[in-house]
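Worksheet for the structure shown next.
The values are calculated or read from the model by the stated rules, or taken from the named source; none is laboratory data. Worth saying up front: this structure is predicted, and the values here are computed from it rather than measured. Here the Cβ positions follow ideal geometry from the backbone for every residue, glycine too, while neighbour counts run over all protein chains shown.
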Amino acid sequence: AQTIHQWPVAEIKAVGSPLSLGCTIKGKSSPNLYWYWQATGGTLQQLFYSITVGQVESVVQLNLSASRPKDDQFILSTEKLLLSHSGFYLCAWSQDWGGAEQFFGPGTRLTVL
Amino acid sequence: GDSVTQTEGQVTVSESKSLIINCTYSATSIGYPNLFWYVRYPGEGLQLLLKVITAGQKGSSRGFEATYNKEATSFHLQKASVQESDSAVYYCALGMATGGNNKLTFGQGTVLSVIP
């Protein structure tokens with residue numbers, strides 16, 4: 001069975017500090033990977049997607065970046081956090097890109113002060 | 001761009017009563033949209049409840065049903081008799097495969113509270 005793990009569970013960071021959030025998928029080779037973000041009171045929106053190692057596409061520009069260093073790992077990062085980065089970050093995977101359902105990790109709650 | 005609208009932000013229903021959560025969508029991208037309902041139970045992660053990939057078809061799971069109505073661009077979630085354990089946040093989502101991206105566009109979510 002496939003499992004998806006996100007770390008950390010929660011973070012409290014200062015404005016201007018760096019950030020790195022991680023996601024690992026086990027039990028599935030060559031998944032499509034995604035990052036989603038939900039601001040408090042807002043809607044889940046897709047930030048990035050990746051269909052292969054080393055290749056990441058940005059969907060929404062929020063002064064964040066993403067990388068896929070391994071087949072089963074997806075990293076979200078920034079060098080300087082903004083207050084507007086606060087929210088809930090979800091990693092997801094899918095079998096392929098043809099409109100297939102996506103499976104989500106438990107998420108990371110980020111608070112920027 | 002694509003959009004999904006859930007008109008009710010919060011719904012309160014008594015146990016054993018019927019439920020309907022409204023969802024309408026607008027798909028401007030070229031392609032064939034798939035429709036999903038996701039659910040987040042208290043203390044748990046977001047999980048798929050049901051999906052329908054063909055217009056006119058109905059999906060069902062755990063007593064919930066939703067029909068993909070292409071003419072009305074709707075995908076309402078219904079249940080004949082809710083239970084207290086159905087209390088959760090429900091998200092309608094539109095899935096479109098465009099340019100190599102399998103993008104889900106979510107509604108704002110509906111908080112369901114079932115009163116025993």
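For the reader, a short list of remarks on this structure follows.
- Checking B:G56, B:G100 one by one, the residue that is of a type outside the set (D, E) and without any contact (Cβ under 8 Å) to a residue 12 or more places away in the chain is B:G100 and no other.
- Yes/no for B:K58 being closer than 19 Å to A:E101 by Cβ, of a type in the set (D, E, K, R) and surrounded by fewer than 17 Cβ atoms within 10 Å (Cβ to Cβ): yes
- Checking each residue in the stretch B:52-109 for being within 11 Å of chain A (Cβ to nearest Cβ), at positive phi and modelled with pLDDT under 95 picks out B:G99, B:G100.
Conditions tested, residue by residue: (1) under 26 Å from B:P42 (Cα atoms); (2) acidic (D, E).
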| residue | (1), (2) |
| --- | --- |
| A:Q2 | yes, no |
| A:E11 | yes, yes |
| A:C23 | yes, no |
| A:W35 | yes, no |
| A:G42 | yes, no |
| A:S58 | no, no |
| A:S77 | no, no |
| A:L82 | no, no |
| A:S94 | yes, no |
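- Residue in the stretch A:75-98 that is surrounded by fewer than 21 Cβ atoms within 10 Å (Cβ to Cβ), facing another protein chain (nearest Cβ under 10 Å), farther than 18 Å from A:K13 by Cα and aliphatic (A, V, I, L, M) present: no
- Qualifying residue in the stretch B:70-84 (condition: farther than 16 Å from B:T5 by Cβ and in contact with a helix residue (DSSP H, G or I) (Cβ under 9 Å, 6 or more places away or on another chain)): yes
- Meets criteria (surrounded by 16 or more Cβ atoms within 10 Å (Cβ to Cβ), in a loop (DSSP other than H, G, I, E, B) and not hydroxyl-bearing (S, T, Y)) for B:V13: no
- The residue that is farthest from the chain's Cα centre (by Cα), counting only those in the stretch A:8-29 that are within 14 Å of chain B (Cβ to nearest Cβ) and either crowded, with 16+ Cβ neighbours inside 10 Å or modelled with pLDDT under 95 (or both), is A:I25.
- Candidates B:Q108, B:Q78: the one that is touching a residue at least 40 places away in the same chain (Cβ under 8 Å), part of a loop (DSSP other than H, G, I, E, B) and under 12 Å from the mean Cα position of the chain (by Cα) is B:Q108.
- Residue list for the stretch A:49-66, restricted to those being in a strand (DSSP E or B), in contact with a Ser or Thr (Cβ under 6 Å, 6 or more places away or on another chain) and crowded, with 17+ Cβ neighbours inside 10 Å: A:V56
- Among the residues of the stretch A:31-52, those identified as more than 8 Å from chain B (Cβ to nearest Cβ) and over 16 Å from A:S65 (Cβ atoms) are A:P31, A:Q38, A:A39, A:T40, A:G41, A:T52.
- Of residues in the stretch A:67-84 being of a type outside the set (S, T, N, Q) and either touching a Ser or Thr at 6+ places or on another chain (Cβ under 7 Å) or modelled with pLDDT under 95 (or both), the one farthest from A:A1 (Cα to Cα): A:L81
- Residue match in the stretch B:33-42 (condition: surrounded by fewer than 21 Cβ atoms within 10 Å (Cβ to Cβ), of a type outside the set (D, E, K, R), touching a Phe, Trp or Tyr at 6+ places or on another chain (Cβ under 9 Å) and within 13 Å of another protein chain (Cβ to nearest Cβ)): no
- The set of residues in the stretch A:55-74 that are of a type in the set (D, E) and within 11 Å of another protein chain (Cβ to nearest Cβ) contains only A:E57.
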